1. Output yes when any residue across the stretch 98-107 is closer than 19 Å to Arg183 by Cβ, free of Cβ contacts under 8 Å to residues at least 12 places away in the same chain and not small (Gly, Ala, Ser), and no when none is.
2. For a quick check of your reading: which helices (runs of 4 or more DSSP H) sit entirely within the stretch 92-188 and have at least 1 residues that are surrounded by fewer than 19 Cβ atoms within 10 Å (Cβ to Cβ) and more than 17 Å from the chain's Cα centre (by Cα)?
3. Based on what the data block shows, is Pro22 within 16 Å of the chain's Cα centre (by Cα), at pLDDT below 95 and part of a loop (DSSP other than H, G, I, E, B)?
4. Could you check, for the stretch 42-58, whether at least one of its residues is touching a Pro at 6+ places or on another chain (Cβ under 9 Å), at pLDDT below 95 and outside any helix (DSSP H, G or I)?
5. Please determine whether any residue of the stretch 117-125 is modelled with pLDDT under 95 and either under 25 Å from Gly83 (Cβ atoms) or out of contact with any helix residue (DSSP H, G or I) (no Cβ under 9 Å at 6 or more places or on another chain) (or both).
6. What's the total number of residues in the stretch 71-91 that are farther than 19 Å from Gly162 by Cα and not in a helix (DSSP H, G or I)?
7. Mind counting the residues in the stretch 79-91 that are touching a residue at least 40 places away in the same chain (Cβ under 8 Å) and either among the small types (Gly, Ala, Ser) or surrounded by fewer than 16 Cβ atoms within 10 Å (Cβ to Cβ) (or both)?
Amino acid sequence: MGNKISGGTSELGPDCKTISQPNEFPTGTIYEYTVKDVKGKDVNLSMYRGKVLVIVNVASQCGLTDENYTEFNQLYQKYKDKGLEILAFPCNQFAAQEPGSNEQIQEFACTRFKTAFPIFNKIEVNGFNTAPLYKFLKLGKWGFFDDDIQWNFAKFLVDKQGKPVGRYYPTTSPLSLQHDINRLLEAS
C-alpha cells in the first residue's frame, strides 16, 4: 500500500476527507491500454506517460453535467501546463443520459462548455461489455467501493507512472481534487 493521499472526498460522500485508495492493485499500468478517440482512431495511453490523469465517465444529460464539465475545464486550464490531463469517456449506461453520437457529444462539450480536454469514444463501464481500461481501473481493492461504477462522473486519479491511486464518488466536486492533483504533480 502506498502513501495515503488526503484532502479529497471519496465515494463515502463529501464528509469523508480521504479518497479511496487501492488496498491492493494488480501489476500493470494504464499505459498498456489503447482506447478509441471520439473519431474512432486508436489512442495508446502510453502517450500520457509522465502525466497525472483524471479519468472520468461523462454524460451530457445528467444533473451532474454542468458542475463537472465547468469544474473540469477550470482544473484543466489551471494544471494542463503543469502535467495534468483529463480523459473523458462518454457512457450511456446510467438512465440513458448520454444518448448522442460521438460527434454530438463532442459538439455539446465543445460548444456549451468550451471543453479543451480529450473526449473519447462512448464506452461501457460496467457489465459484459466493460471497456478493458475500466476493467483494469476497477481491479483495485478500493475499500468501501463496489466493483461497479455507480453513476456518471465517477473519477479515477492516476499517477505519473500510470498507476491508479484514487477513486472518487460521482458527486465529488472536481475542484476538490486539487490537493491530490498537486501532490501527484509535485512527486517525482
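The values are calculated or read from the model by the stated rules, or taken from the named source; none is laboratory data. Keep in mind that this is a model prediction, so the values were computed, not measured. Every residue, glycine among them, receives a Cβ derived from its backbone with ideal geometry; neighbour counts consider all protein chains shown.
1. Going residue by residue through the stretch 98-107, those that are closer than 19 Å to Arg183 by Cβ are none.
No: zero hits.
2. Details: elements: 102-112, 132-137, 178-186.
Fully inside the stretch 92-188 and qualifying: 102-112, 178-186.
3. yes
4. no
5. Step one: filter the stretch 117-125 for residues modelled with pLDDT under 95, giving none.
No, there is no match, as no residue in the stretch 117-125 is modelled with pLDDT under 95 and either under 25 Å from Gly83 (Cβ atoms) or out of contact with any helix residue (DSSP H, G or I) (no Cβ under 9 Å at 6 or more places or on another chain) (or both).
6. Step one: list which residues in the stretch 71-91 are farther than 19 Å from Gly162 by Cα, which gives 71-75, 77-78, 90-91.
Restricting the remaining residues to those that are not in a helix (DSSP H, G or I) gives 90-91.
Number satisfying all stated conditions: 2.
7. Final tally of qualifying residues: 2.
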